[in-house]
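Working notes, structure below.
Values quoted throughout were computed directly from the atomic coordinates according to the rules given, and no laboratory measurement underlies them. Quantities reported herein were computed from a predicted structural model and do not represent experimental measurements. Neighbour counts are summed over all protein chains in view; Cβ atoms, including those assigned to glycine, are modelled from backbone coordinates with ideal geometry.
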Amino acid sequence: MLQSNGDKKNALGLLLMETDVLGRSFYERPAIEVARSLLGQILVHEETAGRIVEVEAYLGLEDPAAHASRGVTARTRVLFGPPGHAYVYFIYGVYECLNLVAEPEGRPGCILVRALEPLAGLEVMRRRRPKAGSIEQLTSGPAKLTMAMDITRRHNGADVTRGALTVRSPRGQSDFEIAATPRIGIRQAKEWPLRFLIAGNRFVSRRESS
DNA sequence: CAATAGATCATCT
DNA sequence: GATGATCTATTGC
């Protein structure tokens, strides 16, 4: 969209002016509801920002694909804590993925943020992801977006209703259709339609799915 | 295009 | 000791 350096710096400032940080009550709801509501919201970390276009809901003990399904461990502790906090886990010895904790304290539902539409700090994102050949590839995957926005395990447990890492809501109305599909990359509960995305958006991690 | 292998380590069995 | 909520490069059609 915006091309010059000056404009890009402005892009983040404008974004902050036009959005409000989502509070605790937003997250203190069933995970599926929070997942759908997160679409179209803006993830902000330092000088970078992106619009959430794809998420997955993970439930509790009843969801065999969820990390929380085996109860409280050192890793899953934050999932059982209060909502509105980040759960960042390390996977495949290489990557980190960002989740947002939902549901009232004691219930471990969470939302995996799978793809963003880059809105601010594109220059920085490109530098952090030199292998991305196009803007579409910058943040179109759960580990791509954490790399592009420098979200790491140091954010595990961070409160996203305040501080450096936040989710913000645009004031205007958003108008888009939500598609639901099975979740990606799991072995258990493969068919559950808990992946939600903005229909037709070109920044989602996969075009087609079934 | 689609399929697959390799990277590489925290976490849990 | 095996496995994984992924990405990338490479191979093969």
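Between region A:45-105 and region A:107-138, what's the alpha-carbon centroid distance in Å?
Each part reduced to its Cα centre gives a spacing of 17 Å.
Looking at region A:49-134, which trypsin sites (Lys or Arg not before Pro) are DSSP coil and have at most 16 other C-beta atoms within 10 Å of their C-beta? Spell out each step's value before the answer.
Numbers: sites: A:ARG51, A:ARG70, A:ARG75, A:ARG77, A:ARG114, A:ARG126, A:ARG127, A:ARG128, A:LYS131; in loops: A:ARG75, A:LYS131.
Hits after loop and neighbour filter: A:ARG75, A:LYS131.
Using only Cα atoms, what is the ratio of the radius of gyration of chain A to 2.2 N^0.38 Å?
In units of the globular-protein estimate, chain A measures up at 0.96.
In angstroms, what radius of gyration and Dmax does region A:31-116 have, counting Cα atoms only?
12.6, 38
What percent do you get for the relative contact order of region A:71-210 when only Cα pairs under 8 Å and 6+ apart count? Spell out each step's value before the answer.
Values: 232 pairs, mean separation 29.5, N = 140.
Relative contact order for region A:71-210 comes out at 21 percent.
In what sequence, highest mean first, do A:89-95, A:52-58, A:29-35 appear when ranked by Cβ atoms within 10 angstrom? Each step should come with its number before you reach the end.
Numbers: A:89-95: 10.4, A:52-58: 26.4, A:29-35: 20.1.
Result, highest mean Cβ count within 10 Å first: A:52-58, A:29-35, A:89-95.
Loop-only check: which chymotrypsin sites (Phe, Trp or Tyr not before Pro) in region A:152-210 are DSSP coil with at most 10 other Cβ within 10 angstrom? Provide the component values of the computation, followed by the final result.
Details: sites: A:PHE176, A:PHE196, A:PHE203; in loops: A:PHE176, A:PHE203.
Taking region A:152-210 and a limit of 10 other Cβ atoms within 10 Å, no loop chymotrypsin sites (Phe, Trp or Tyr not before Pro) are found.
I'd like to know how region A:18-70 sits against the 2.2 N^0.38 Å rule of thumb: what's its Cα Rg over that expected value?
1.33
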